[in-house]
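To start, the structure itself, in structure tokens.
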Amino acid sequence: WKERIDAYFSLGYSYNKASAVSQTTFNTELNYPQENATNTLTARQIHTVTNEEVTRSSRLEYTRAVWTEKSGRFRATWGSYESNDELGLQHRYAAGIGIAKVFRDTPRLRWTGTVGLQALTEQENTGGKEEQALEGLLVSNFKMWQLNSPKLDLSFSVSLYPNFSNFRRVRGDTDLRLSWEIYKDLFWDVTAFGTFDNASETNNSSDYGVTT
């Protein structure tokens, strides 16, 4: 079973002397395919230090996709944990279920879409009691790869979460990962994320990051 695991790890550090800002990032993705299912674990951790403050952003998500009898469709279940100082989020736990469809599948790319529901529990950095909510989920995933040199591994996803407990609230996030072979066994790696919450308790309704 170990031979089936597809693993990606990325660790980065940057420091800007003029602004005295340092940032440490960690990204990983583990895929374990089975006969009729796929298991995916993704994790992201960002630690930023400035003269004024230290902020952290983290996300951990596990997804299991099981193929159905209908061609090009599968059931998806997932669970996630998230925290983000920039958005004033101490923690968020979510679990959901949905139905997904493969819109395009070729030897070099795959495009899928998912519709589902998830329940969440979250708490802001400002304190107070935990809040529970029910959200919808709309996701579009695009992946492209090339196994021959120059090798390429590209994944891009966009997610939208309309809140059914507070109809005025909408969240969203996007993730990008690119690994491109620019010379023999020399790769250019780029990871990026963006997140949005129009009901954030801070002055910031969005956060983003890029690592290269």
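The values are calculated or read from the model by the stated rules, or taken from the named source; none is laboratory data. Remember, predicted model here, so these are calculated numbers, not experimental data. We place every Cβ from the backbone using ideal geometry, glycine too, and count neighbours over all the protein chains shown. Quick note on the areas: whole protein, heavy atoms, side chains included, nothing else; ligands and nucleic acids left out. Shrake-Rupley method; radii C 1.70, N 1.55, O 1.52, S 1.80 Å.
Each residue in the range 51-105 was checked for being assigned to a strand (DSSP E or B) and acidic (Asp, Glu), and 3 of them qualify.
On inspection, residue 153 does not qualify as of a type outside the set (Val, Ile, Thr), part of a strand (DSSP E or B), open to solvent by less than 40 Å² (accessible area, probe 1.4 Å) and closer than 24 Å to residue 10 by Cα. Taken over the range 1-34, the criterion of being assigned to a loop (DSSP other than H, G, I, E, B) and either within 30 Å of residue 64 (Cβ to Cβ) or open to solvent by 30 Å² or more (accessible area, probe 1.4 Å) (or both) is satisfied by 1, 5, 17, 18, 19, 34. Of the residues making up the range 68-82, those that are within 25 Å of residue 103 (Cα to Cα), surrounded by fewer than 16 Cβ atoms within 10 Å (Cβ to Cβ) and not basic (Lys, Arg) are 68, 69, 71, 72, 77, 79. Residues that are open to solvent by 20 Å² or more (accessible area, probe 1.4 Å), part of a strand (DSSP E or B) and more than 22 Å from residue 153 (Cα to Cα) within the range 106-125 comprise 115, 117, 119, 121, 123, 124, listed in sequence order.
Within the range 35-50, the set of residues being outside any strand (DSSP E or B) and surrounded by 11 or more Cβ atoms within 10 Å (Cβ to Cβ) comprises just one member, 50. If you filter the range 161-206 down to residues that are among the hydrophobic types (A, V, I, L, M, F, W, C) and outside any strand (DSSP E or B), you find that the one that is modelled with the highest pLDDT is 164. Applying the set (1) more than 30 Å from residue 151 (Cα to Cα); (2) open to solvent by less than 100 Å² (accessible area, probe 1.4 Å) to residue 168 leaves exactly one unmet item: (2).
This table checks each residue for (1) out of contact with any His (no Cβ under 8 Å at 6 or more places or on another chain); (2) among the acidic types (Asp, Glu); (3) within 26 Å of residue 105 (Cβ to Cβ).
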position: 125; (1), (2), (3): yes, no, no
position: 130; (1), (2), (3): yes, yes, no
position: 134; (1), (2), (3): yes, no, no
position: 149; (1), (2), (3): yes, no, yes
position: 153; (1), (2), (3): yes, yes, yes
position: 162; (1), (2), (3): yes, no, no
position: 171; (1), (2), (3): yes, no, no
position: 176; (1), (2), (3): yes, no, yes
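Among the residues making up the range 171-207, those that are open to solvent by 40 Å² or more (accessible area, probe 1.4 Å) and within 14 Å of the chain's Cα centre (by Cα) are 174, 175, 176, 196. Output the number of residues of the range 126-144 satisfying the condition of being open to solvent by less than 70 Å² (accessible area, probe 1.4 Å) and assigned to a strand (DSSP E or B). Here the count works out to 9.
Listed by first and then second residue, the pairs linking a residue in the range 1-14 that is more than 12 Å from residue 27 (Cβ to Cβ) and among the basic types (Lys, Arg) to a residue that is open to solvent by less than 100 Å² (accessible area, probe 1.4 Å) and assigned to a strand (DSSP E or B), with Cβ atoms under 9 Å apart and 6 or more places separating them unless they lie on different chains, are 4/31; 4/32; 4/33.
Flag not set for residue 210, criterion: touching a strand residue (DSSP E or B) at 6+ places or on another chain (Cβ under 7 Å), open to solvent by less than 40 Å² (accessible area, probe 1.4 Å) and in a strand (DSSP E or B).
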